[in-house]
Amino acid sequence: MDKPVTVGPDLAKNVFQIHGLDAEGAIVFRRRLQVLAFFSRLEPCLVVMEACAGAHYWVRELTSIGPKCG
């Protein structure tokens, strides 16, 4: 798998879909996943998500696993 520089989770579902893009904007991966387990194994990258009530929760959870997610 190429290294993603941007990761975008879809927060509106019970089963999370995640999409990663490389520096040129090409899709690196698309997966269903357990969010925290996935991000704990990922190298530092920019995480973008929609502005919704759930985003506040996930930002707190992601920052709790370390300074990997910006």
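What follows draws every value from the coordinates through simple rules; no lab data is involved. Quick caveat: nothing in here was measured; it's all calculated off a predicted structure. Ideal geometry is used to build each Cβ from the backbone, glycine not excepted, and the neighbour counts take in all protein chains shown.
Condition first: under 16 Å from Thr6 (Cβ atoms) and of a type outside the set (D, E, K, R). Now tell me which residues in the stretch 36-54 satisfy that.
Phe38, Phe39, Leu42, Pro44, Cys45, Leu46, Val47, Val48, Met49
Can you confirm whether the stretch 40-49 contains a residue that is within 17 Å of Ile65 (Cβ to Cβ), among the acidic types (Asp, Glu) and not in a strand (DSSP E or B)?
There is at least one residue in the stretch 40-49 that is within 17 Å of Ile65 (Cβ to Cβ), among the acidic types (Asp, Glu) and not in a strand (DSSP E or B).
Out of the residues in the stretch 26-43 that are surrounded by fewer than 12 Cβ atoms within 10 Å (Cβ to Cβ) and in contact with a strand residue (DSSP E or B) (Cβ under 8 Å, 6 or more places away or on another chain), state the one that is farthest from Asp10 (Cα to Cα).
Only one residue fits best here, namely Ile27.
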